[in-house]
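Worksheet: the structure to be examined is printed underneath.
Computed from the coordinates by the stated procedures, all read-outs in this text should not be read as laboratory data. Nothing here was measured: the structure is a model prediction, and the numbers come from that model. As a convention, Cβ positions derive from the backbone with ideal geometry for all residues, glycine included, and neighbour counts pool all protein chains shown.
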Amino acid sequence: MSSISAITEATAALAPTFTGELLQPKDAGYDQARRVHNGLIDKHPALIARCRGVADVVDAIALTRKLGLELAVRGGGHNVAGRATVDGGVMIDLSLMKGIHVDARARTVRAEGGTTWAEVNRATQLHGLAVTGGVVSSTGVAGLTLGGGFGWLMGKHGLALDNLLSVEMVTADGKIVTASASEEPDLFWAVRGGGGNFGIVTSFEFRLHPVGPTVTGGLVAHPFERARETLRFFRDSTRALPDEHILFGGLIHAPDGNKLAAMVTCHSGPLADGEKAMRPLKSFGTPVMDVLGPMAYSALNSMLDAAYPKGALNYWKSSFLTQLSDEAIDTLIACFAQCPTPMGQVLIEHMHGAATRVGPTETAYPHRAEGYNLLVLSEWTSPADNERCIAWARDTYSRMQPFFGAARYVNYLGHDESSEALAAAYGVNYRRLRQVKARFDPANLFRMNHNIEPLG
């Protein structure tokens, strides 16, 4: 562990050539820069290196190794486990790296490691193009893509990582490498699902698809007393969806605090097809909220942003369901009836189509079966509520255990998950991931994540 004086001296030596910002605890802007999206995470790095380019990243890695400190990497900072920061170590912060280049003719986009999906969508939609991104637009491109990438377009175009063409990465030894199908193919395989375990991805190249600018979608909600019927209708509706149609279900709170059963959806095909697809959703029951219809794709991608404000306290539990049975629905409703926070929700994400037509070993992301992922999302604002809000999420997860399969989604794993959860997230690809890790990061410098230990 380096002393404060050693860190200060090394930082001063680097500062003349560093184009970004080097922040220590005494510096203006440090307290704001250290914070991540999840307010439950409150860590204090010894140094924050806010990089503006690849050379800054190379130098920040070298400085970290010289000081012998732990290293965390921040892209969008959305990871619920708070792995983007570290106590007493170095946070390499990519949030100033916002470069985006769209090649409309080739239908590709290159986005730097600090971009968010809102920023990428803004640039690509100028050309009527898009790639599968998150369902919350403030989510970082890096974290979502490297762990999987659920989104509104995954039925038609696959997960975010399925659309990767290449990445530029700085490895633990400071080398700049390109990974693609033809260059470093093992590394390219590993980054598509293995997270930030192998280096720092400074830019992503994605394949784009014609989407929008107007799609059909939105939200429809029913009284909580109709939750059983609503979730059964949701389940039945997902059995024969076309690739263009994504449908999620859930239990949420209205702005006034009342509990609701809701469905959120996107149809990215022709508007006439989208309008037809919405008819059953609009005609079911008597909704208390119906905002289904044509809207800009960028607007739909930001529709849920207000439910995930920066700084709110978050604790999540998540697993894939084997099936959405009547018993599972009833158990979930009973649990949500006890939710202690008006910001809490449960989300049932349905996966089908192109995202399921990739073999479990073709990319490092292994979970390709059609079905449902359940996310128990406890969110609140007062630290005084920490205990009861965390307890509700854990209790709900425990009561839903009989309905879970073995698979977990790495992007939803919290800070207190076991090694068994990690193995469940990486699945059949875990051993191969450890082999790739041993080649590119044998000393496990990049371990402040859902860590893949190098195979020794």
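The table below gives the values:
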quantity	calculated
Extension gain (nm, one decimal) between D290 and T8, 0.36 nm per residue minus Cα-Cα	95.9 nm
For the stretch 77-83, Karplus couplings with θ = phi - 60° (6.51, -1.76, 1.60), whole Hz, Gly/Pro x	x, 8, 3, 5, 6, x, 6
At R0 = 60 Å, FRET efficiency that the Cβ-Cβ distance of R239 and A443 yields, to 0.05	0.80
Gain upon complete extension [H101, S382; 0.36 nm per residue less C-alpha separation]	97.1 nm
5 angstrom amide H check on D93, placed H, neighbours 5+ away	A49, R50, C51, R74
Computed log₁₀ I(q)/I(0) - Debye formula, equal Cα scatterers, no solvent, the stretch 214-412, q 0.12, 0.18 Å⁻¹	-0.61, -1.38
Relative packing of peptides 277-285, 80-88, 23-31 - highest average C-beta neighbours within 10 Å first	80-88, 277-285, 23-31
Among [x] 135; [y] 213; [z] 152, the entry that matches volume of the Cα convex hull per residue in Å³ as calculated here	[x]
